[in-house]
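Colleague: After the structure tokens below, expect a handful of questions from me.
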Amino acid sequence: MNLPVVTVKLLGGLGNQLFAYAAAKALALRNGCPLVLDAFSGYQRDAFGRRFALGDFDLPDAVQPPRQPFGHPLAERLVREFNDRLPLSWRTYLFENVDPNTFKHRYHPGVGSFRVRRNAYLNGNFTSPRYFDDQADAIRRALRWRQPPTDPALTALAAQLADEQSVVVHFRLDRPETGSALPAFSNLKKLSPRYYETAFECLAQRLSRPRWFCFTDSPERLDGFMVLPKNATVVSVPSATDALWLMRQGRNFVLSNSTFAWWGAWLSGAPGTQVLAPPVYDFWDNLDIYPADWRVVEEG
């Protein structure tokens, strides 16, 4: 008898794709099912021109051929609406619902413990480690690079990041301003310089010789945003997967409200890693996004 298959619809940038993949992979592992990645239908109308970004990982899972799995987006919508009327245990289409007024959502224990009896399709970001905590080791094994970067400059930087006093600091300065022609990301607040200053002060008290590595896609905006510590190194890497590979070499982290930065810290997994992150409610759309041992830093 053929096993049922779990298919996950990938959406958004690299960080969101990793969350959706990890949640679906954990569900497939719990149920002993194969996992298939729908890397096409979620990007047919992406406003930012984003695409499937997990190809640099040595994933053991199949990627579905480029087609709409339900034949047409309207058919998918009808399937989703029909499934929304069913008890959770009967559904074959699991959609992550978000409060339309607050844009907030939480870990759904019913999805995390869902029993796959028939082919199941997941659509959502599922941005909480609670969806895959029990399969964390397997997820980390699956997310190995096919070919780590070989550029001498990147490997030299990776060696510095592997130092026990390194601190990866992520800045997200690329959000559209009010009135921009680009679509807004969400209603989340922007982090202020005071958040980073407070985090720097906190780690400077805990580390004898911290070395700050400041990652950003917009280095030209960083000088106007805040004054960095004197021994800070600004890192800007065109390839998102190369940047993530570098970040995961770090030993400590100061995060922005970016799922990309979140994965840099989670994939690191170094013993004694300290992760400092902004308050959840104002800066994230999932209220269960942090592991228990990460520390929240108020803006001050």
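Colleague: For every helix of n ≥ 4 consecutive DSSP H residues, a contribution of -39,500 (n - 2.57) applies; sum these over the chain, divide by its total residues, and give [θ] at 222 nm rounded to the nearest 500 deg cm²/dmol.
Modeller: -9000 deg cm²/dmol
Colleague: When the Cα centres of the range 24-71 and the range 221-248 are compared, how far apart do they sit, in Å?
Modeller: The two parts, judged by their Cα centres, are 29 Å apart.
Colleague: Just how large is the dipole of the range 178-300 about the Cα centre, in debye to the nearest 20, putting +1 at every Lys and Arg Cβ and -1 at every Asp and Glu Cβ?
Modeller: 420 debye
Colleague: Among all lysine pairs in the chain that are eight or more places apart or on different chains, how many have alpha carbons less than 30 angstrom apart?
Modeller: The result is 9.
Colleague: Right, here's the next one. Suppose the chain between ALA240 and ARG80 were pulled fully straight at 0.36 nm per residue; how much longer would it get relative to their current alpha carbon spacing?
Modeller: So the extension gain works out to 54.4 nm.
Colleague: Note down the magnitude of the dipole of the chain about its Cα centre, charges +1 on Lys and Arg C-beta and -1 on Asp and Glu C-beta and zero elsewhere, to the nearest 20 debye.
Modeller: 720 debye
Colleague: In Å², and per residue, what accessible area does the range 28-113 have when probed at 1.4 Å with the other protein chains present?
Modeller: Heavy-atom SASA per residue in the range 28-113 reads 60 Å².
Colleague: How many percent of the accessible area of the chain is carbon or sulfur, using a 1.4 Å probe?
Modeller: Of the solvent-accessible surface of the chain, carbon and sulfur hold 51 percent.
Colleague: OK, next. Hey, can you rank 29-38, 157-166 by average C-beta count inside 10 Å, highest first?
Modeller: 29-38, 157-166
Colleague: Classify the chain as rounded, prolate or oblate from the Cα gyration tensor: take a ≥ b ≥ c as the square roots of its eigenvalues, call it rounded if a/c is under 1.5, otherwise prolate when a/b beats b/c and oblate if not.
Modeller: Prolate, because a/c is 1.5 or more and a/b exceeds b/c.
Colleague: For the chain, give the share of DSSP beta bridges that are antiparallel, in percent and rounded to the nearest 5; count only bridges with both residues there.
Modeller: If I count the DSSP bridges inside the chain, around 5 percent turn out antiparallel.
The values are calculated or read from the model by the stated rules, or taken from the named source; none is laboratory data. As the structure is a prediction and not an experimental result, all values here were calculated from the model. Neighbour counts run over all protein chains shown; Cβ positions are idealised from the backbone, glycine included. With ligands, DNA and RNA removed, areas are computed over all heavy atoms of the protein, side chains included. Shrake-Rupley method; radii C 1.70, N 1.55, O 1.52, S 1.80 Å.
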